[in-house]
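Worksheet: the structure to be examined is printed underneath.
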Amino acid sequence: MRKLSVWWVAAVLGLLAGAAIWWASSYAKDHRDPLNKSDAFVHHDGEVLSWFELTSRNGKVKGKLHQQKVIEETGEPPFMEEKTYDVTGKVTDKGYVFNVNFAGKWLRSDAWFSGENLVQKQGKKDSKLYEAVGQEQLKKFVEAKQEELQNAIYHSEEKEKNRIRGFFSELKSVYGYLSSSDDESYQLFLKIDEALLEGELTGSLLVMNKVRGGGNLYKERKYELNGITDGRIVRFYTNVEGKETKLEGNFLDSAAKFNLSFWKTAEKLTFHAVTEDKYKKRYEEFKVRAQK
């Protein structure tokens, strides 16, 4: 009985020793992998900040790819677009194979080390170098990107102020806006009398109609307007037969042209800036055509 116990203890010790050797070998192998030596691998091309956070164990790679980009769109305040993608992969004879999950679409690429830095293959010929960094260095990259966002916000506010000033300066120089229906049954003349830098508008809309049948072949009616604009959208309010009516549209070419809804049509009409002489000419021409 004692011999059996001694044999059993020896077997257990042997297994534990083997497991310890295997674990130590695996641990050493994993930690020799350069992927495990840096907290992140960073690339910044001046527009997009990208960094991998990766680990390698037993020949398998997993982690995340992070991306940050400052987005500036006309009419909108700048913002930081941040995306994170899952990364899997494996160790190969030449380095690594990475699989990145871009919103459900897996993209495969090769990667390898150049010194301490990671190189990822981009397409057939190009490659991208990712700098090996620690947490403090990564933090500085992220902070620099946030500073870029703040600068973009500051300058966008100045740009927007300059744009609005330029727009209203141009708007005040326009005599009026003219629009005609395709069948020339009516013609509209919109005149802005006052335009404040804060966006408030006052003016009038003259509607000229060609009346079919009856003795009076031509009539016109003037509607008082109150509205707002930021140089992109435009909105007017008026009274049509005792009912408040809203006209909505957008400027299409700075202050030179805009479209606007009209209660008599299902589609928006396009208004073009005109001089006083051109308006008077078109006004007389329309009256003559309407009375024929």
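The values are calculated or read from the model by the stated rules, or taken from the named source; none is laboratory data. These figures come from a predicted structure and were not determined experimentally. For neighbour counting, all protein chains shown are included, and Cβ atoms are generated from backbone atoms with ideal geometry for every residue, glycine included. Keep in mind that these areas ignore ligands, DNA and RNA; they rest on the heavy atoms of the full protein, side chains included. Shrake-Rupley method; radii C 1.70, N 1.55, O 1.52, S 1.80 Å.
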Looking at the chain, identify the longest residue range that excludes and avoids all GluC sites (Glu not before Pro) in DSSP loops having at most 12 other Cβ atoms within 10 Å.
117-183
Net charge over other residues, Cβ less than 11 angstrom from the Cβ of Thr88 (K, R count +1; D, E count -1):
+4
Leaving out ligands and nucleic acids, and using a 1.4 Å probe, what accessible area per residue does region 18-156 come to in Å²?
64 Å²
Point-to-point label distance, Arg163-Glu47, nm (Cα→Cβ direction, 7 Å offset):
1.9 nm
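Find out how many positive minus negative residues lie around Ala111, taking Lys and Arg as positive, Asp and Glu as negative, among other residues whose Cβ is under 10 Å from that of Ala111.
Net of charged neighbours comes to +2.
Which percent of the accessible area of the chain is formed by carbon and sulfur heavy atoms (probe 1.4 angstrom)?
51 percent
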Please express the Cα-Cα pair-distance distribution P(r) of region 99-244 as a list of whole percents, one per 10 Å bin, running from 0 to the bin with the greatest distance.
8, 19, 18, 12, 11, 14, 11, 4, 1, 0
What accessible area per residue, rounded to a whole number of Å², is obtained for region 172-291 using a probe radius of 1.4 Å?
57 Å²
Per the helix-only model, the chain has a calculated mean residue ellipticity at 222 nm (DSSP H runs of ≥4, -39500 (n - 2.57) each, divided over all residues, rounded to the nearest 500) of -10500 deg cm²/dmol
Cut-off under 18 Å on the C-alpha distance; same-chain residues fewer than 8 positions from Lys121 excluded. Which aspartates and glutamates are left, in chain and number order?
Asp45, Glu53, Asp86, Asp93, Asp110, Glu131
What is the projected area of the convex hull of the Cα atoms of region 18-156, averaged over all directions, in nm²?
10.5 nm²
³J(HN,Hα) across region 256-267 via Karplus (A = 6.51, B = -1.76, C = 1.60, θ = phi - 60°), whole Hz, x for Gly/Pro?
7, 7, 8, 10, 7, 5, 9, 5, 8, 10, 8, 10
For the pairs Lys69/Lys140; Lys161/Lys243; Lys64/Lys139; Lys161/Lys246; Lys69/Lys90; Lys161/Lys257, flag any whose C-alpha to C-alpha distance is greater than 24 Å.
Lys161/Lys243; Lys161/Lys246; Lys69/Lys90
Residues with beta-carbon under 10 Å from that of Val100, excluding Val100: net charge, scoring Lys, Arg +1 and Asp, Glu -1?
+2
Could you bin all the Cα-Cα distances of region 172-291 into 5 Å bins starting at 0 and give me the percent of pairs in each, rounded to whole numbers?
2, 11, 21, 25, 20, 13, 6, 2, 1, 0
